[in-house]
Every structure is written in structure tokens, then in C-alpha cells.
1. How many residues are without any contact (Cβ under 8 Å) to a residue 40 or more places away in the chain and assigned to a helix (DSSP H, G or I) if we restrict to the stretch 95-113?
2. Is it true that some residue in the stretch 114-122 is among the polar types (S, T, N, Q), farther than 30 Å from Glu73 by Cβ and without any contact (Cβ under 8 Å) to a residue 60 or more places away in the chain?
3. Suppose we filter Lys193, Lys180 for residues that are surrounded by fewer than 16 Cβ atoms within 10 Å (Cβ to Cβ) and part of a helix (DSSP H, G or I); which single one remains?
4. Report, ordered by the first and then the second residue, all pairs with beta carbons closer than 6 Å, sequence separation of six or more or different chains, a first member in the stretch 51-79 that is free of Cβ contacts under 8 Å to residues at least 40 places away in the same chain and more than 20 Å from Ile159 (Cβ to Cβ), and a second member that is aliphatic (A, V, I, L, M) and not in a helix (DSSP H, G or I).
5. Can you find a residue in the stretch 124-137 that is among the aromatic types (Phe, Trp, Tyr) and more than 24 Å from Glu38 (Cβ to Cβ)?
6. Of all residues in the stretch 37-94, how many are part of a helix (DSSP H, G or I), among the acidic types (Asp, Glu) and either touching a helix residue (DSSP H, G or I) at 6+ places or on another chain (Cβ under 8 Å) or surrounded by 18 or more Cβ atoms within 10 Å (Cβ to Cβ) (or both)?
7. Out of all the residues in the stretch 129-141, is one or more modelled with pLDDT under 95 and among the charged types (D, E, K, R)?
Amino acid sequence: MNNNSSSSNLTLDEWSLINNVSHTYDNWALANETNHLENDLSLTDFLNGEQNVYQNLIEFFKKIPQFKQIDIEDQILLIKCNITHLVHVHHVLKDHFKEDPQIGLHMSQWINSDFHQQMSKTRHSLDYFIQHPIVLKLSLVTFIFIINLSRLPYEQLSIQLNNQKLLIKNQDFFITLLWKYLNVIYNEKDAIKATQLIVFQYLRYQLLMEQMETIIIKQNNLNQFHPLTKSVLRLN
């Protein structure tokens, strides 16, 4: 723990917010979670089963005051653009940093073994935070504010955010909060390493999900997907 850096001087209000984010995540994002991995599970069934996971995460974000204060249309855009990357971080937390061996068998069958190995490697890199899961909970809130409208379907690329300045303000706020917290639990060198790791893994998940979405479009009847699944996977 770093007790010397000025960056580690979290205020009482900041500590309260960190605790509230953690408790809100536990009470909402983990609500009614069930394991929907089964033998002979198709990719379509798995992704449709994920809609409950997406819904729980959305409920969590909606309980964050800084997210709730932004325009509802901007909320929808941020969720559509970011949630498929963040859901993997959520699964790490939900599964207590343990990977269900069934997902490897399924993923290798649905896509290929190399894809699963890349996904698994990315997932296990987050084991760095196994003693400090709050870091990942804070990162979920930080990254939901990322403005990357290229994630929208092609026909929706002309859509604009209603209040981009507020989104940037909120993201800056949580980036600062996350950085200060990292400086509390690590020394500065390890805090920098942790920050780089979080950003890199988010980008890795983004690339892997783009690959997965391309395969989904080629291999599946898109009408078989539930509306929420189609929306977050950019299938409509």
C-alpha cells in the first residue's frame, strides 16, 4: 500500500462513493445471476442467455448518479457501444476470477480454440486484481463513459451524443477516482502497471468482440436473437 503519494489522498466523500459503487454493483449487477452454461449449448442460446447479464449490468449503471444524470438517449448509446466489452470484466467478478472449463469447450466449438485461448488469456490477466476486485468495479463505471460511436451499426453512425461535454466530465471524474484508489492500494509503479493493464485488456476485448460479432453475423439467423442481445451485439 502506498501511503506517501499525494495522489492517494482520497477524501471521505470519495471513499463513500467507492464503497457505494461496490455495494451497488453487488446488489444490482449480481442480482439473480445464474449459470446458463449447459451441455450441447448453441452460441445463439448462450448469447440469448446473456441478456439477463446485460440487463443486470444496465441496472447497475442506472444506479450510478453520474450515469443517471445524463440524457437517456446518451445512456443508450454508451451501453450499446461499451457493454459487450465490459461484460467480460463482469464475468470475472461474478465468477470470482475462476474460469468455467465448459466455456472453453463451447467457445472452441462455436468459433475456434485460438479465439478461446485469446479470450482466456485476456481474462486471466485480470487476476492481477484478485485481491482488489473494487478496482474492476470502478473500471466498469469509468469505461461505460467511453465515447466510441464507431461501435454503432453502420446505418447509425450519423447519430450524435446530446451532451458530450458532460460525458467527458464524468469520465474524467472516474478516471481520477480510479487512479487515486490505485495509488492507495499499490505503489506508484504498480499503479501505473495496473492502469496500463486495465486499458490494454479493454482494447483486447474490443478486438475480440469485433471478431466474434463478424462470425455471429455469418453463421446465425439474426432473427433468433432476443432484442436486447441484438442491440448490444450491433446485430440490428
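The values are calculated or read from the model by the stated rules, or taken from the named source; none is laboratory data. Remember, it's a predicted structure, so these values are computed and weren't measured experimentally. Note that we place each Cβ from the backbone using ideal geometry, even for glycine, and neighbour counts take in every protein chain shown.
1. Going residue by residue through the stretch 95-113, those that are without any contact (Cβ under 8 Å) to a residue 40 or more places away in the chain are 95-99, 101, 104-105, 107-109, 112-113.
Filter once more, keeping what is assigned to a helix (DSSP H, G or I): 101, 104-105, 107-109, 113.
The number of residues fulfilling the criteria is 7.
2. Within the stretch 114-122, the first condition is being among the polar types (S, T, N, Q), and the residues that meet it are 117-118, 120, 122.
Filter once more, so that each one left must be farther than 30 Å from Glu73 by Cβ: 117-118, 120, 122.
Among the residues that remain, those that are also without any contact (Cβ under 8 Å) to a residue 60 or more places away in the chain are: 117, 120.
There is at least one residue in the stretch 114-122 that is among the polar types (S, T, N, Q), farther than 30 Å from Glu73 by Cβ and without any contact (Cβ under 8 Å) to a residue 60 or more places away in the chain.
3. On the way: Lys180 fails: surrounded by fewer than 16 Cβ atoms within 10 Å (Cβ to Cβ).
Only one candidate qualifies: Lys193.
4. Pairs found: Asn56/Ala31.
5. In the first step, residues of the stretch 124-137 are kept if they are among the aromatic types (Phe, Trp, Tyr); the result is 128-129.
Still in the list and also more than 24 Å from Glu38 (Cβ to Cβ): 128-129.
Yes, because at least one residue in the stretch 124-137 is among the aromatic types (Phe, Trp, Tyr) and more than 24 Å from Glu38 (Cβ to Cβ).
6. Initially, the stretch 37-94 is screened for residues part of a helix (DSSP H, G or I), giving 43-49, 51-62, 65-68, 72-94.
When the remaining residues are screened for being among the acidic types (Asp, Glu), the result is 45, 59, 73-74.
With either touching a helix residue (DSSP H, G or I) at 6+ places or on another chain (Cβ under 8 Å) or surrounded by 18 or more Cβ atoms within 10 Å (Cβ to Cβ) (or both) added as a condition, the list becomes 59, 74.
Residues flagged as part of a helix (DSSP H, G or I), among the acidic types (Asp, Glu) and either touching a helix residue (DSSP H, G or I) at 6+ places or on another chain (Cβ under 8 Å) or surrounded by 18 or more Cβ atoms within 10 Å (Cβ to Cβ) (or both) within the stretch 37-94 amount to 2.
7. Applying the first criterion (modelled with pLDDT under 95) to the stretch 129-141 yields none.
No, there is no match, as no residue in the stretch 129-141 is modelled with pLDDT under 95 and among the charged types (D, E, K, R).
This table checks each residue for (1) buried (at least 18 other Cβ atoms within 10 Å of the Cβ); (2) in contact with a helix residue (DSSP H, G or I) (Cβ under 7 Å, 6 or more places away or on another chain).
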{"residue": "Asp172", "(1), (2)": "no, no"}
{"residue": "Val199", "(1), (2)": "no, no"}
{"residue": "Glu210", "(1), (2)": "no, no"}
{"residue": "Gln224", "(1), (2)": "no, yes"}
{"residue": "Ser231", "(1), (2)": "yes, yes"}
